[in-house]
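Pasting a structure below so you can have a look.
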Amino acid sequence: MRDGKDKGSIQNLKEQFMLLTQLFWTFFCIGPSTFGGGYAMLPIIEREVVNKKKWMQEDEIGELISLAGSAPGGVGVNAAAMIGHRQAGIAGAVSAVMGVTCPTFLIVILISVFAILFRNQPKVEAALKGMNGGIIALISMAAYRTARYSILDTTTAIAAIVTVAVLLFAGIHPLYLIISGLICGMAVIRIKKRLGLQVKMEKKSVTGSYPELEYYI
């Protein structure tokens with residue numbers, strides 16, 4: 001009996017180690033996409049986590065993005081921590097965060113070392129300008145995917161439009177908008193329930209849309 005328990009424990013440790021390694025390597029490969037900020041990373045995280053690894057359902061990504069964007073810190077790192085914790089607890093969160101941050105750390109070191117040599121090179125400047133267009137596309141795709149999961153009805157559509165307008169023209173700090181959104185959302189849901197109106201809390205799964213779409217820097 002004891003030998004069987006020992007073998008089972010060893011097997012569990014091996015499986016946990018393999019999962020931690022897989023989390024680290026998956027997010028290590030995602031890490032270089034942080035050009036342009038964490039939101040540029042979200043489409044790639046969705047492709048890897050939902051379509052390839054099957055760690056999450058597609059309709060859960062909207063909630064993940066909302067939580068990752070609302071919490072302090074980088075949205076990509078927050079998303080990695082949440083996914084890692086969901087799969088393997090605290091150790092999984094640590095592995096995922098280490099994986100997603102290591103490439104950025106290494107790239108910054110390399111850029112720092114060669115910055116003096118290449119900073120005045122026209123080809124390098126042109127390459128960086130061209131990269132900006134790709135980043136805009138990735139961030140736009142992340143916004144589109146988020147909207148698909150988050151805009152459920154007229155109320156949420158109005159909230160999204162008003163929030164964008166306020167950010168563009170009023171210059172209010174995003175933290176105040178997040179807090180206002182939480183308060184307004186709870187108030188609207190309570191009012192709708194009292195009036196007997198239908199309250200939508202989630203959207204039907206849209207699995208199957210563009211399953212083969214790939215995202216590259």
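If the requirement is being of a type in the set (Gly, Ala, Ser) and modelled with pLDDT under 75, which of these qualifies: 126, 137, 142, 157?
142
Count, please, the residues in the range 120-150 that happen to be among the hydrophobic types (A, V, I, L, M, F, W, C), surrounded by 12 or more Cβ atoms within 10 Å (Cβ to Cβ) and farther than 18 Å from residue 46 by Cα.
2
Taking residue 163 as meeting all but one of (1) in contact (Cβ under 8 Å) with a residue 12 or more places away in the chain; (2) open to solvent by 50 Å² or more (accessible area, probe 1.4 Å); (3) more than 19 Å from residue 70 (Cα to Cα), write down the number of the exception.
(3)
Mind listing just one residue for me: the one in the range 27-46 that is open to solvent by 10 Å² or more (accessible area, probe 1.4 Å) and modelled with pLDDT of 85 or more and, of those, nearest to residue 90 (Cα to Cα)?
Going through the qualifying residues, I end up with 28.
If you don't mind, another one. Assess whether residue 98 counts as being open to solvent by 70 Å² or more (accessible area, probe 1.4 Å), in contact (Cβ under 8 Å) with a residue 40 or more places away in the chain and either over 30 Å from residue 23 (Cβ atoms) or part of a helix (DSSP H, G or I) (or both).
yes
Cβ-Cβ under 6 Å, sequence separation 6+ or interchain: first residue in the range 80-95 and crowded, with 23+ Cβ neighbours inside 10 Å, partner assigned to a helix (DSSP H, G or I) and aromatic (Phe, Trp, Tyr). Which pairs?
Note: pairs meeting the criteria are 80/27; 95/24.
The values are calculated or read from the model by the stated rules, or taken from the named source; none is laboratory data. Because the structure is a prediction, the values reported are computed rather than measured. Positions of Cβ are backbone-derived with ideal geometry, glycine not excepted, and every protein chain shown enters the neighbour counts. Ligands, DNA and RNA are excluded from the accessible area calculation, which covers all protein heavy atoms including side chains. Shrake-Rupley method; radii C 1.70, N 1.55, O 1.52, S 1.80 Å.
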